[in-house]
1. Of all residues in segment 597-613, which are open to solvent by less than 40 Å² (accessible area, probe 1.4 Å) and among the hydrophobic types (A, V, I, L, M, F, W, C)?
2. Taking Asn481, is it open to solvent by 40 Å² or more (accessible area, probe 1.4 Å), touching a helix residue (DSSP H, G or I) at 6+ places or on another chain (Cβ under 7 Å), part of a helix (DSSP H, G or I) and farther than 16 Å from Tyr561 by Cα?
3. Tell me the helices (runs of 4 or more DSSP H) entirely within segment 523-596 that contain at least 3 residues that are crowded, with 22+ Cβ neighbours inside 10 Å, touching a Phe, Trp or Tyr at 6+ places or on another chain (Cβ under 7 Å) and of a type in the set (Gly, Ala, Ser).
4. Only one of Glu359, Glu340 is within 15 Å of Trp450 (Cα to Cα), open to solvent by 40 Å² or more (accessible area, probe 1.4 Å) and outside any strand (DSSP E or B). Can you tell me which?
5. Return the only residue of Glu253, Glu298 being of a type in the set (D, E, K, R) and in contact (Cβ under 8 Å) with a residue 24 or more places away in the chain.
6. For segment 241-258, what are the residues that are modelled with pLDDT under 90 and on the phi < 0 side of the Ramachandran plot?
7. Report, by residue number, each residue of segment 80-95 that is over 16 Å from Leu341 (Cβ atoms) and either β-branched (Val, Ile, Thr) or open to solvent by 30 Å² or more (accessible area, probe 1.4 Å) (or both).
8. Got a sec? Which of Tyr251, Tyr303, Tyr275, Tyr284 is farther than 30 Å from Leu327 by Cβ and of a type in the set (Phe, Trp, Tyr)?
Amino acid sequence: MKRKLLVLSISVYALLILASLTFAQAAQNTKNTPTMGGTPCYATVNFDDRPINFSQPPLVMNGAIMVSGKEMFDAMGIQVYWMDKTQELIGYRDNVFVKFKEGSTTAYINGKSVSLDVAPTLRKGTLFVPAETIIRAYELNYTLDSTFNSLSLEYRDNVYQYRKFGFKQFKKVSTTNWGISFFIPEYWERTNNGTVNFGAKNDYEYYLMTISALPLDDSFNRSIILKSQLNNFQIEYGDQFIKGETYSHKYGEFQATVQEYSLMEDDKELKGILYIFFENNIAYIFNATYDPTLASSEGAQIYDTIMSTFQISKLTVDEATEYYLELNNFFDYNMHLDEELYSNMVVDGHIPFSGTIDESTNVKGLNILISKDNQTTEYYVPIISGHYDAELPLPYSFGMHNIKVYLDLNEVQDTATLGDEVTNLTLDQQIDEEINDASQLDPKTLALEWSAINISTDDIQHLISSQYVNYDNPAVYSMANSITYNLTSDYAKARGIYDYICNHYEYSKLEFDNTISTTQDMLSQPSGNEVELSNLYAGLLRALNIPAKIMRGNIGDTSHYWVEVYINGNWIVSDLAWEIQNNDDFQKNGLKYFNLNKAGHYSQYDKIELLPF
């Protein structure tokens with residue numbers, strides 16, 4: 001189940017409130033509608049000028065028009081789910097997630113609670129929900145005739161969104177009937193010839209893109225659809241049609257079969273590209289042509305750019321905008337949230353995240369991925385006696401963060417250790433495995449996604465407690481404070497902790513012992529390898545609210561690890577492993593590898609990496 005949601009700006013939300021009031025005022029007249037023996041009166045609902053054929057007709061209940069939620073969603077092309085365990089009905093389309101619960105006067109739009117005048121009601125096995133809530137959620141145009149209890153709905157006119165690709169400005173267009181969207185150059189227009197065409201024709205360029213959607217069944221695939229399209233071309237154009245290269249390509253989340261071809265039309269040779277997507281038994285076909293004498297290679301590039309923006313509203317989540325999504329795992333594992341989470345919620349640095357999960361399940365914790373742009377941080381929340389409780393940090397300063405919650409199942413190998421069956425990895429290979437594991441969580445374990453707007457300007461990514469730099473423990477705080485109790489500046493504290501580790505820990509040359517010791521592990525150990533010493537140092541620094549990050553430098557096939565500390569606006573290099581290995585007497589010789597010349601240090605390596613610890 002892939003989808004997501006939309007949150008409203010203050011101005012848009014105000015408009016929705018006004019729309020809700022208008023709807024309520026118009027519906028007020030129905031409150032006096034006579035009933036026979038308590039039986040509610042019937043209503044009719046039209047969508048895009050056509051009546052929706054409900055198996056059970058809409059009802060007027062306490063002034064609200066109640067409709068079969070599932071059939072209403074189906075008619076609007078909204079992905080719909082019924083959770084029998086919780087008696088909840090869920091709809092998703094265009095980054096809007098709507099949830100109704102039988103008997104509850106609270107519904108949720110993108111995770112945000114909204115009050116209902118009439119609770120959803122089960123009637124002959126069908127959940128009836130207020131039509132008004134669906135209108136608000138999907139920002140529909142509507143006309144209500146209270147005299148005849150008739151409601152007419154349609155999607156609002158498309159409002160263009162703009163995005164820049166290279167040096168060109170593109171605009172987003174949507175086809176509401178098919179539930180797809182894509183970006184085209186901003187100056188392209190739609191032609192009016194009975195088909196869905198977009199393009200530009202003038203003395204300087206020729207582009208024409210025709211889009212069609214074909215409902216099929218699961219006996220079809222992209223190959224069969226391509227053969228049918230090629231046969232149509234042969235029949236229509238005969239020898240003027242020349243088939244070119246055929247290949248498969250993934251555009252975003254969707255796989256397409258691509259067919260290149262040439263075509264003679266009005267004594268002019270045109271280049272053509274056929275793109276075929278086949279999802280949920282619907283074929284989405286883009287037939288794109290251009291004049292190569294005017295466009296040269298740019299023609300194919302423009303169409304490839306358009307295809308890379310292709311989205312299906314019922315299947316695609318646009319992480320660049322607002323969204324909220326509870327997936328099947330959320331319901332299957334009976335997850336509950338103590339606090340309300342919703343799309344683009346505004347927070348100041350942290351999000352309270354607590355709740356419960358079914359104790360009878362095999363979930364031992366939650367892996368949280370928090371990302372912004374191309375940066376991602378992983379955070380782990382354990383589950384204890386069916387409860388989870390954490391303050392999730394938004395590490396990347398002001399702006400939109402995306403949060404994904406994955407279930408950590410007992411049968412899944414713990415990423416903090418490598419299995420006993422692995423015995424031949426070097427330390428570098430082990431770190432590579434850990435980095436790969438952290439970035440490749442199983443999508444099948446995804447349970448919850450939402451977006452949040454961080455209003456804090458603090459960049460805390462190198463201050464948070466992580467899987468290996470897990471300083472959030474009384475013993476770590478106690479050790480960090482006992483070492484630095486008489487020191488005042490961050491520089492003095494960083495040097496004091498560095499000096500303490502050099503005098504109390506040994507360097508271990510052991511390449512592999514099946515684990516990587518964390519900050520907490522190192523409190524009770526006398527030695528550590530380069531990474532483990534770095535985990536200890538970084539953890540003690542972060543416990544004192546001093547940013548610290550662990551770096552790796554690569555020289556050919558070998559690597560070296562060190563810590564960089566943020567002090568007075570600069571990152572200073574501190575190399576514990578070299579210090580312990582190469583300085584026999586720290587007191588006599590002084591600390592040689594604390595606050596190294598950064599440029600000189602970096603010049604020794606072919607590649608410098610920041611570890612996600």
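The values are calculated or read from the model by the stated rules, or taken from the named source; none is laboratory data. Here the structure is a predicted model, which means the values were calculated and not measured. Virtual Cβ from ideal backbone geometry, glycine too; neighbours counted across all protein chains shown. The area values use the complete protein model at the heavy-atom level, side chains included, leaving out ligands, DNA and RNA. Shrake-Rupley method; radii C 1.70, N 1.55, O 1.52, S 1.80 Å.
1. Leu611, Phe613
2. In short, no.
3. 530-543
4. Of Glu359, Glu340, the one residue that is within 15 Å of Trp450 (Cα to Cα), open to solvent by 40 Å² or more (accessible area, probe 1.4 Å) and outside any strand (DSSP E or B) is Glu340.
5. Only one candidate passes the filter, namely Glu253.
6. Glu253, the sole residue that qualifies.
7. Of everything in segment 80-95, those that are over 16 Å from Leu341 (Cβ atoms) and either β-branched (Val, Ile, Thr) or open to solvent by 30 Å² or more (accessible area, probe 1.4 Å) (or both) turn out to be Val80, Tyr81, Trp82, Asp84, Lys85, Thr86, Gln87, Asp94.
8. On the way: Tyr251 fails: farther than 30 Å from Leu327 by Cβ; Tyr275 fails: farther than 30 Å from Leu327 by Cβ; Tyr284 fails: farther than 30 Å from Leu327 by Cβ.
Exactly one of Tyr251, Tyr303, Tyr275, Tyr284 is farther than 30 Å from Leu327 by Cβ and of a type in the set (Phe, Trp, Tyr), namely Tyr303.
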